[in-house]
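What follows is a short report on a single structure.
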Amino acid sequence: MRRRAVIAALGLLAAGCQTKVVRYNPPLAGLPGAQTGVQPVLDPSIKVADSTLTKQASAEPIITNPDGSKTLISRNGQDLMFHIARTMRDDDEKLFTEQVLSELTKDEFYERGYNPNLAFREIKRRHEDVEKLFKVLPAGELTPGVLLEQVGPNIMRVRVHYHDPADLPWCGFDMRLEGPNWKLRWFVVNDGK
């Protein structure tokens with residue numbers, strides 16, 4: 001009798017249990033057009049922290065000021081690449097030197113007795129090398145297979161590996177965080193590694 005009472009109590013206890021899925025997010029389910037066998041279940045109280053690499057939808061990479069001047073915003077390597085390409089296309093040496101080139105790089109030019117404007121003239125001269133590099137880095141540091149590494153205080157290197165130096169003379173670029181923006185330190189010479 002006691003045994004039946006225990007079995008009955010366990011049966012009632014088991015009948016009272018229920019399974020509740022609090023969170024289920026299968027891999028790649030958030031991609032547009034993705035289909036899964038079971039619908040994802042997301043807990044609305046769980047928030048994913050915003051990456052510093054993601055763009056804010058409301059923030060534009062170029063702000064036109066009331067006086068007509070421009071302020072460049074470089075939140076990541078892709079923005080920086082955009083500004084390098086745009087200043088080259090527009091042949092805007094002044095904007096490149098003032099807002100794209102790193103202060104550290106400008107100081108090095110001055111220390112060697114050169115005007116930092118020569119940096120712009122050099123990348124214009126090597127525009128084909130810049131274009132080749134940007135084609136293999138379409139999303140900057142977020143391009144698949146790209147290595148992002150710290151090479152100094154507030155300096156990150158964005159580079160690709162294992163490309164023939166004859167085909168890709170520059171394999172990446174260094175960028176330095178100055179205030180809220182990334183600035184161009186300089187390009188990385190391809191060593192084939």
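The values are calculated or read from the model by the stated rules, or taken from the named source; none is laboratory data. Owing to the predicted nature of the structure, the values given are computational and were not obtained by experimental measurement. Here Cβ is always computed from backbone atoms with ideal geometry, including for glycine, and neighbour counts include all displayed protein chains. Just so you know, the surface numbers come from the protein's heavy atoms only, side chains and all, with ligands and any DNA or RNA stripped out. Shrake-Rupley method; radii C 1.70, N 1.55, O 1.52, S 1.80 Å.
Miscellaneous remarks
- Failed condition for residue 165, given (1) farther than 14 Å from residue 80 by Cβ; (2) touching an Asp or Glu at 6+ places or on another chain (Cβ under 6 Å): (2)
- Residue selected from segment 71-101 under the condition more than 18 Å from the chain's Cα centre (by Cα) and open to solvent by less than 10 Å² (accessible area, probe 1.4 Å), by the criterion farthest from residue 60 (Cα to Cα): 101
- Filter result (open to solvent by less than 30 Å² (accessible area, probe 1.4 Å), under 22 Å from residue 101 (Cβ atoms) and either touching a residue at least 60 places away in the same chain (Cβ under 8 Å) or of a type in the set (A, V, I, L, M, F, W, C) (or both)) within segment 147-177: 155, 158, 170, 171, 173, 175
- Scanning segment 115-128 for residues that are among the charged types (D, E, K, R) and either touching a helix residue (DSSP H, G or I) at 6+ places or on another chain (Cβ under 8 Å) or crowded, with 17+ Cβ neighbours inside 10 Å (or both) yields 121, 124.
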